[in-house]
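The values are calculated or read from the model by the stated rules, or taken from the named source; none is laboratory data. Note that the structure is predicted; figures quoted are calculated from it, not measured. Every residue, glycine as well, gets a Cβ built from its backbone with ideal geometry; the counts of neighbours run over all protein chains shown. The accessibility values were calculated without ligands, DNA or RNA, using every heavy atom of the protein model including side chains. Shrake-Rupley method; radii C 1.70, N 1.55, O 1.52, S 1.80 Å.
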Amino acid sequence: MHTDRLHVGIVAALLGKDTHLYTGVDHKIAEVHALSLAHLPNVRLVDAATLNRGPAPLSFIIHQNHRQDR
């Protein structure tokens with residue numbers, strides 16, 4: 001599972017799926033990972049800014065809103 005959506009990542013991680021959590025524009029995903037998901041061997045935190053690709057493609061965004069940066 002490759003996602004930048006926190007709740008989807010949590011569910012995938014707890015189900016034992018190979019999970020790649022991409023950080024977003026705020027601190028939530030990194031903090032939740034550090035506090036409760038980092039100990040799971042199937043979870044990897046990926047800093048999206050280092051990928052230099054911008055936001056996730058629309059096909060990977062589960063919740064779409066009016067914001068242009070999502």
Of residues in the range 4-22 being more than 13 Å from V32 (Cα to Cα) and not aliphatic (A, V, I, L, M), the one surrounded by the fewest Cβ atoms within 10 Å (Cβ to Cβ): G16
Selection within the range 48-57 - under 20 Å from H27 (Cβ atoms), open to solvent by 70 Å² or more (accessible area, probe 1.4 Å) and either at pLDDT below 60 or among the acidic types (D, E) (or both): P55
